1. Please quote Rg/Rh for the stretch 288-363 to two decimal places, taking the Kirkwood radius as Rh and restricting both calculations to Cα atoms.
2. How are the C-alpha pair distances of the stretch 53-150 spread across 5 Å bins, as whole percents from the shortest bin up?
3. With the alpha-carbon atoms as the only input, what is the per residue convex hull volume for the stretch 1-93 in Å³?
4. Could you give the nm distance between label points at residue 136 and residue 359, where each point is 7 Å from its Cα heading toward the beta carbon?
5. Can you list the GluC sites (Glu not before Pro) in the stretch 1-77 that are in a DSSP coil and have 15 or fewer other beta carbons within 10 angstrom?
6. Mind checking the stretch 195-234 for GluC sites (Glu not before Pro) that DSSP puts in a loop (not H, G, I, E or B) and that have at most 14 other Cβ atoms within 10 Å?
7. Got a number for carbon plus sulfur as a percent of the stretch 1-129's accessible area, 1.4 Å probe?
8. Students sometimes get this wrong: rank 373, 259, 285 by accessible area, probe 1.4 Å, all chains present, largest first.
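The values are calculated or read from the model by the stated rules, or taken from the named source; none is laboratory data. These numbers come from a predicted model, not from an experiment. Here the Cβ positions follow ideal geometry from the backbone for every residue, glycine too, while neighbour counts run over all protein chains shown. We work out accessible area using only protein heavy atoms, side chains counted, and drop any ligands, DNA or RNA first. Shrake-Rupley method; radii C 1.70, N 1.55, O 1.52, S 1.80 Å.
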Amino acid sequence: MNNNESPIIVGLDIGTTKIAAIAGRKNEYGKLEILGFGRANSNGVQHGQVLNIDQTIKAIQQALENCAQSNPDLEISEVYVGIAGHHIKSLQTRGDIVRQDPDLEIQSWEIDQLVNNQRKTFIPAGDQIIDVISQDFHVDSIQNIKDPVGYNGVKVGANFHIITGDRNAIRNIHRAVDRSGLKTKDLVLQPLASASAVMSEIDMEAGVAILDIGGGTSDLAVFYEGILKHTAVIPFGGENITNDIRMGLGVLKSQAEAMKVQFGSALADEAKANAYITIPGLKGMPAKEISVKNLAAIIQARMGEILDFVTYHLKQVGLDHRALNGGIILTGGGSQLKHLIQLTEYTTGLNARIGLPNEHLAANHIDELKKPMYSTCIGLILKGYNDYDHKYKEFNEKFVKVAVPEGLTKKAEIVKEEQVAPLIVDVTARKERFWDKFKNNLIDMFKEEEDQVIR
């Protein structure tokens with residue numbers, strides 16, 4: 001590898017229904033070439049939270065084996081890992097400090113002190129502050145300042161968005177990855193990872209809501225005027241819809257999932273009244289006929305509930321269809337339901353579209369990766385590249401140039417191993433990127449002595 005070549009970065013998405021591992025490297029045009037891809041059914045994870053560590057480890061290892069089969073020359077040792085789940089919460093705070101010398105211009109260390117003061121905010125026992133995100137600042141009577149450095153005044157303050165999570169839940173993710181033989185390069189909030197993969201700077205400025213509909217939960221991130229205004233985890237996802245179908249129609253879970261994917265619709269009015277699905281009977285029992293319209297009614301009821309939560313959260317932060325000109329972007333595996341865009345627009349009053357990670361991918365990637373269910377994984381790789389470019393992390397480790405198998409990309413390379421010097425990137429002239437707005441190195445906050453010795 002020469003000094004101008006980007007490293008290989010791996011994203012690991014530990015979800016309720018699937019675990020995906022994707023290895024990518026940026027080409028000379030800044031697009032991601034996918035060098036390896038593997039997925040496995042997820043066990044041990046409920047509502048986005050790792051409960052059974054042993055089962056999760058087996059699923060992670062299966063995803064890695066499948067990734068290795070897609071590219072035998074790829075060696076994976078470090079990963080960027082997504083974190084989500086029902087335990088993730090957020091709250092709004094407001095803080096300020098009185099300055100020692102109001103005649104001097106505000107310095108960056110004063111802003112750091114202001115942010116660090118928010119880490120003393122009271123949160124429930126067992127929770128941990130994951131991130132403190134400043135939204136807008138004020139200096140004396142001047143409001144809505146994006147960067148107060150250089151202003152002068154008696155008092156400087158800001159509105160903050162604080163994200164918290166259960167310490168044990170976060171530790172379980174770290175343990176599962178560690179025992180799978182991997183090093184966690186960083187933990188990344190999944191709603192932010194998905195957002196970085198499917199939206200642009202224009203979306204952020206216009207105002208947009210990102211709804212990532214996963215298997216166990218649905219993650220919401222709301223941006224307005226370039227600021228993260230709100231995050232929320234809605235405790236329902238695709239598995240809830242599947243279970244509703246199973247209970248409501250009296251079928252097996254595997255049959256319910258198959259019907260949802262093949263024949264499901266989020267709008268009962270759009271389903272044909274005279275269409276039926278034939279389900280084989282169990283052990284000699286007669287076959288069962290399921291109405292497609294009844295199936296759609298069950299799906300619409302649960303999806304409508306998820307979207308009602310979205311409307312509630314938007315009202316909580318004072319943002320509605322008049323403020324969010326960018327509308328709502330649907331992503332995640334659950335966003336592939338037929339007629340979901342129409343139901344979303346009807347329920348929320350916002351324009352809606354499906355968010356795909358295609359914009360960041362090189363032209364020759366496989367069709368599977370076009371699906372919105374891989375938005376989080378692509379976003380994790382983008383986070384890794386932000387770290388790399390900004391030198392927050394040292395990438396002076398060994399990287400392997402791999403032969404890219406046919407079907408992943410058409411670019412083939414020679415296999416060899418070399419010591420890599422960190423790429424020096426002039427970031428001073430660049431526009432602030434998505435990940436620059438958020439804290440880095442979350443993993444460092446959760447490393448404890450007991451975690452270090454577990455293998």
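1. Looking at the stretch 288-363, the ratio lands at 1.06.
2. Final binned percentages: 2, 8, 15, 14, 10, 9, 9, 8, 8, 8, 5, 3, 1.
3. In the stretch 1-93, the Cα convex hull volume per residue is 137 Å³.
4. Label-label distance for residue 136 and residue 359, simple model: 2.4 nm.
5. 28, 75
6. 225
7. After summing per-atom areas, the C and S share lands at 45 percent.
8. The ordering from most to least exposed comes out as 285, 373, 259.
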